[in-house]
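K.L.:
Mind looking over this structure? Questions follow.
The values are calculated or read from the model by the stated rules, or taken from the named source; none is laboratory data. Keep in mind that what you see is a predicted model, and the values were worked out from it rather than measured. In this analysis, Cβ positions are derived from the backbone assuming ideal geometry, glycine residues included, and neighbour counts consider all displayed protein chains.
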Amino acid sequence: MLLAHEIPIPTFEELFEWPEIMPWVSKYVVIVVLSAILVSAFWFAAARKQALVPRGVQSIGESMYMFIRNDIVVDVMGESKAALKYVPYLVALFSFILMNNVFEIIPPFFFPATSRLALPMVLALLTWFIFVIQGIVSQGVGHYFGGVLFPAGVPWPLYLLLTPIELVSVFLVRPLTLMVRLFANLVAGHTIVTLMIVFTAANMDFSDPLRLPIGIVSLAGGVAMFGFELFVSVIQAFVFTILTAVYIGESIHGH
């Protein structure tokens, strides 16, 4: 049986770069650009020929759009004009995150761009910027920050404790948790999938009757993990999108 220290571990370049294929650009950049192109192409194809009875790409696009509009925006943010104007943004956000996540199980990439901290950080900061600006526009500077930092109905001595907590939780913890939640879940999944692939490759030896069953079990486990990671990819895109809707909705309607 192959010992643990004998299993070949991929190098950093093998996981994140293509030194022999594209030495001038990282796999991460390729995935992000491809995700943007594929998402744009999908929505262009879905909206190009709008039939009364949708089929194919149009049917998938309409189902996704109506799900985000009705089950996220309307349910969480309401049906006001200020809320509905965010439907296109949230649809694009969900699609883009999902596409970057799904690259984890797409050969020859096997790598989600969201498992690098930069992309979740940029998306979380964009959400932070939007809900702060929306709060100022909807409520005014004083009323927005006053409502966040000094909630109504609280005895004034408690503001000494509550105001710092609200300041940190709303303006620091929100983007931080958005970023870390997406990043950590995809890193964990990517690590497990990578280990399953490496262990399977190390033990799929048809000439060794002792290692082959281990390789077959590892292969089955890897296939199951691929299905589970697809589910996680959808869930994490949904969670990021619905939390963004919650934060923007609070800015529109008041804290």
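K.L.:
Given V154, V148, V87, V73, which one is β-branched (V, I, T), more than 20 Å from V39 (Cβ to Cβ) and crowded, with 16+ Cβ neighbours inside 10 Å?
P.N.:
Just one listed residue meets the conditions, V148.
K.L.:
Failed condition for V154, given (1) over 30 Å from N101 (Cα atoms); (2) modelled with pLDDT of 90 or more, with all others met?
P.N.:
Of (1) over 30 Å from N101 (Cα atoms); (2) modelled with pLDDT of 90 or more, only one is false for V154: (2).
K.L.:
If you check L119, L126, L161, which single one turns out to be assigned to a helix (DSSP H, G or I) and surrounded by 16 or more Cβ atoms within 10 Å (Cβ to Cβ)?
P.N.:
Result: L119 is the single residue among L119, L126, L161 that is assigned to a helix (DSSP H, G or I) and surrounded by 16 or more Cβ atoms within 10 Å (Cβ to Cβ).
K.L.:
Another question, if that's okay. Quick check: anything in region 105-116 in a loop (DSSP other than H, G, I, E, B) and among the β-branched types (V, I, T)?
P.N.:
The answer is yes; a qualifying residue exists.
K.L.:
Could I ask something else about it? Based on this model, can you work out whether A184 counts as modelled with pLDDT of 90 or more, under 18 Å from N101 (Cα atoms) and small (G, A, S)?
P.N.:
yes
K.L.:
In region 38-86, what count of residues is obtained for those that are part of a helix (DSSP H, G or I), of a type in the set (F, W, Y) and under 21 Å from the mean Cα position of the chain (by Cα)?
P.N.:
The total comes to 4.
K.L.:
Also: With the structure loaded, tell me whether S115 is polar (S, T, N, Q), within 19 Å of the chain's Cα centre (by Cα) and at pLDDT 95 or above or whether it fails that test.
P.N.:
no
K.L.:
Among the residues of region 172-185, is any among the hydrophobic types (A, V, I, L, M, F, W, C), touching a Gly at 6+ places or on another chain (Cβ under 6 Å), part of a helix (DSSP H, G or I) and under 30 Å from V30 (Cα atoms)?
P.N.:
The answer is no; no qualifying residue exists.
K.L.:
Which pairs turn up if I take residues in region 168-187 that are more than 20 Å from V234 (Cα to Cα) and look for partners that are acidic (D, E) with beta carbon separation below 9 Å, at least 6 apart in sequence or on another chain?
P.N.:
The qualifying pairs are V170/E250.
K.L.:
For region 231-252, indicate whether the set of residues that are surrounded by fewer than 16 Cβ atoms within 10 Å (Cβ to Cβ) and within 16 Å of A124 (Cα to Cα) is non-empty.
P.N.:
yes
K.L.:
How about region 88-117: which of its residues are hydrophobic (A, V, I, L, M, F, W, C) and free of Cβ contacts under 8 Å to residues at least 60 places away in the same chain?
P.N.:
Within region 88-117, V91, A92, I106 qualify.
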